[in-house]
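Worksheet: the structure to be examined is printed underneath.
Values in this text are rule-based calculations from the coordinates and carry no lab data. If you're wondering where the values come from, they're calculated on a predicted model, not measured in any experiment. FYI the Cβ positions are ideal-geometry reconstructions off the backbone, even for glycines, and counts take in every protein chain you see.
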Number of protein chains: 2
Amino acid sequence: MAKISDIAKQAGVSTATVSHVLNNTRYVSQELRARVEQAARELGYRPNLVARSLRLKRTRTLGFIVSDIRSPFYSEVARAVEDQASSFGYNVIVCNSDENYTRELAYIETLISKRIDGLILAPTLGEHGFLKEVAKFWFPVLLINRRLDGSGLPCISTDNRTGAYEAITHLIRAGHRRIGAIGGLAALSTTADRLEGYQVALREAGLPIREDLIWLGRPTVEEGQRASEKLLSLESPPTALFAFSTMLTLGVLAALKSRNLRCPEDVAFVGFSDTLWCPFTDPPLTTVAQPAREVGLKACTLLLDVLHGKPLPDETYLIPPTLIHRRSCGCP
Amino acid sequence: MAKISDIAKQAGVSTATVSHVLNNTRYVSQELRARVEQAARELGYRPNLVARSLRLKRTRTLGFIVSDIRSPFYSEVARAVEDQASSFGYNVIVCNSDENYTRELAYIETLISKRIDGLILAPTLGEHGFLKEVAKFWFPVLLINRRLDGSGLPCISTDNRTGAYEAITHLIRAGHRRIGAIGGLAALSTTADRLEGYQVALREAGLPIREDLIWLGRPTVEEGQRASEKLLSLESPPTALFAFSTMLTLGVLAALKSRNLRCPEDVAFVGFSDTLWCPFTDPPLTTVAQPAREVGLKACTLLLDVLHGKPLPDETYLIPPTLIHRRSCGCP
DNA sequence: TTGAAAGCGCTAACAC
DNA sequence: GTGTTAGCGCTTTCAA
């Protein structure tokens, strides 16, 4: 664990000179430069970034808090964030909030204490007023996926409204008039936006918005299955279903299977979030593909911009998703 | 950004007292304790863990390097590691090596400089002799998933040999005598172990090991598809296929689909790594489910044990996988 | 062109 | 019971 003063001694120069050689931060003669470099090599020197961080008041470390890194969407975002961050010399600490407000808060406290340079956050439900303080006092905060209206915090997100609108419009064009919607927690902006897209599409087509065709709740496979069963048991059941997330999609598939319903012949289906598996399910799934990589890249790029002096934007950036046509929607 | 000396001033005590109150590290009278706590609250004090780390020579931060966090296996491992780490007050920096030795090396350098307390690593291919030095000089290193034979580094891994053995034995019992194997890079211990399990199962059943039924290569969907096409084009093609990874499994499915082969009627199939989607593919997939969570938990637990003073084991821990029976293997 | 030394915020040995 | 202070390893101002 050689330190700068060890190198200085061995090379017969001052610590200032060593530091300047190592960081290329002021002119040093060839002679001394060579001696310093050799000494550093001989001693197996590795700069201590902890000391450097203390001195410079920046850690080149970012925080990344999402509900669960196992989600295909968030792991893709995480990958993009890490790619971008590492290419600029930053590392990222990954945290799983599990949709738990208290856990999220605890992570934020820790990250403050660790003096991260910036935070990318998919907030849980709950009062997030304190984030304004965090952003003002500690480090820039960039939201992903979920807006926090009125917080003034910038957010990078899929254009959920448009995504849902296009999915539903597609089903309507194929002749469906009763389309069930199975969504996540109503209080999340993602759910609200997708629901809005669903409603606008119906309205524009002159179709009624039937509350009994809409189910919102916890986005798990089991709940999705239960929700599907419920909608499909209505006296005039939907001829098509639209699920807002991967877990709910799996729930729908389970329900169709357990009822021996053929898709798309008996019930058409469109999901939200494309994955590698979607082409291989029975039937291949039509989905709204979320631009996860773009969201991560944009969020991290903006964050790094701010760290390099640009002003924090207060806008929401919506990135358009893509409707991927496969068999489950029943179109040619 | 109040610091300890600010609190000391405000509370009219020494910095030592403040530190001891904050860390509960020596007796302080109720009186002073209360004054310190109030001052800390009033000033919105957050301990500076960078300074603390410099002083204590530990950061309560772990490194986690895998090829790609998007992989269902690694993201599950990451989640388990993070759960365990955070419950002990540690954070984890996640890095994606992309199977690139140079990238992996660069990350390790950075993590050394950041003075992480320990590293969990799924090594890429390449000479890893330097890891012994790292482990000796800087921090404990725990391998996951891939052994580095002769390195003396402990490894937590799926019992790949047994997993493959059981899958193949299952197919043999169902009457298959020509079973194709589609695996990843030959130099990886995971590939070698799974191949060994495949071979041992055949040998025990008195079946020949035909080299033309074995394909090893880059584990991508495209390569998996190409490999399947090749095996299925043999004059006496395999009646069952065994794929070593998720990507290769998707490739097999693509090949079966493009050739209009029914599974399991025309070709039976077993994959490695279970995912949420496996019950919903066409047909539902029989797979060897990897104990990803257990691997992550065990790795992190061992690492934390070492950090708390226990000696680093030099063993390899193999965690048994589970064969999950679904339709694709063609058994009742 | 280079060096001496202060100071980033914290802990803890030592002194009282 | 509490306080003084050195020092963790680095950067950078100031001086020469």
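Only alpha carbons enter this Debye calculation for segment B:150-282, each as an equal point scatterer, and the log10 of I(q)/I(0) it gives at q = 0.09, 0.20, 0.22, 0.23 Å⁻¹ is -0.24, -1.18, -1.43, -1.56. Any chance you could give the angle, 0 to 90 degrees and rounded to 10, that helix A:221-232 forms with the longest Cα principal axis of chain A? Roughly 20 degrees, rounded to the nearest 10.
To the nearest 20 Debye, how big is the dipole of segment A:4-47 about its Cα centre, given +1 on the beta carbon of each Lys and Arg and -1 on that of each Asp and Glu?
Numbers: 6 positive and 4 negative charges, 15 e Å.
With only Lys, Arg, Asp and Glu charged at Cβ, the dipole is about 80 debye.
Quotient of the Cα radius of gyration of segment A:35-187 and 2.2 N^0.38 Å, N being its number of residues: 1.39. Helical content of chain B, expressed as a calculated mean residue ellipticity at 222 nm, amounts to -13500 deg cm²/dmol (DSSP H runs of 4 or more residues, -39,500 (n - 2.57) each, divided by residue number, nearest 500).
At an R0 of 41 angstrom, the distance between the Cβ atoms of A:LYS57 and B:GLU222 translates into a FRET efficiency of 0.30.
The Cβ shell under 12 Å around A:THR286 holds other residues with a net charge of 0, Lys and Arg each +1, Asp and Glu each -1. Taking K and R as +1 and D and E as -1, what net charge do the other residues with C-beta under 11 Å from the C-beta of A:ILE116 add up to? So the surrounding residues net to +3.
A simple count of charges around A:THR25, restricted to other residues whose Cβ falls under 14 Å of its Cβ and scoring Lys, Arg +1 and Asp, Glu -1, yields +4.
Placing one equal scatterer on every Cα of segment B:4-47 and applying the Debye formula, the log10 ratio I(q)/I(0) at q = 0.17 Å⁻¹ is -0.34.
Note on segment B:103-189: dipole from Cβ charges, positive end direction compared against B:TRP138, B:CYS155, B:THR110; the farthest Cα belongs to B:CYS155.
Given +1 at the Cβ of Lys and Arg, -1 at the Cβ of Asp and Glu and no other charges, the dipole of chain A around its Cα centre is 1080 debye to the nearest 20.
Couplings for segment A:64-81, taken from phi via the Karplus curve 6.51 cos²θ - 1.76 cosθ + 1.60 with θ = phi - 60°, read 9, 10, 9, 5, 7, 5, 6, 4, x, 5, 5, 6, 5, 4, 4, 4, 5, 4 Hz in order; Gly and Pro are left as x.
Placing a label point 7 Å from the Cα of B:ARG177 along the Cα-to-Cβ direction, the residues of segment B:220-245 whose backbone N falls under 17 Å from that point are B:235-241. Axis angle, to the nearest 10 degrees, between helix A:160-173 and the longest C-alpha principal axis of chain A: 30 degrees. Computed from the alpha carbon positions, the gyration tensor of chain B leads to an equivalent ellipsoid with semi-axes of 52, 19, 16 Å, biggest first.
The mean number of Cβ atoms from other chains found within 10 Å of a Cβ in peptide B:110-118 is 4, as a whole number.
What's the angle, to the nearest 10 degrees (0 to 90), between helix B:189-204's Cα axis and the longest principal axis of chain B? Relative to chain B, helix B:189-204 is tipped by roughly 40 degrees.
When ranked by the protection proxy of mean other Cβ atoms within 10 Å per residue, highest first, what sequence do the peptides A:18-30, A:312-324 form?
Order by mean packing, descending: A:312-324, A:18-30.
Calculate the length of the line joining the C-alpha centroid of segment A:57-131 to that of segment A:204-267, in whole Å. Cα centroid of segment A:57-131 versus Cα centroid of segment A:204-267: 33 Å apart. Against the compact-protein benchmark of 2.2 N^0.38 Å, the Cα-based radius of gyration of the protein assembly as shown scales to 1.07.
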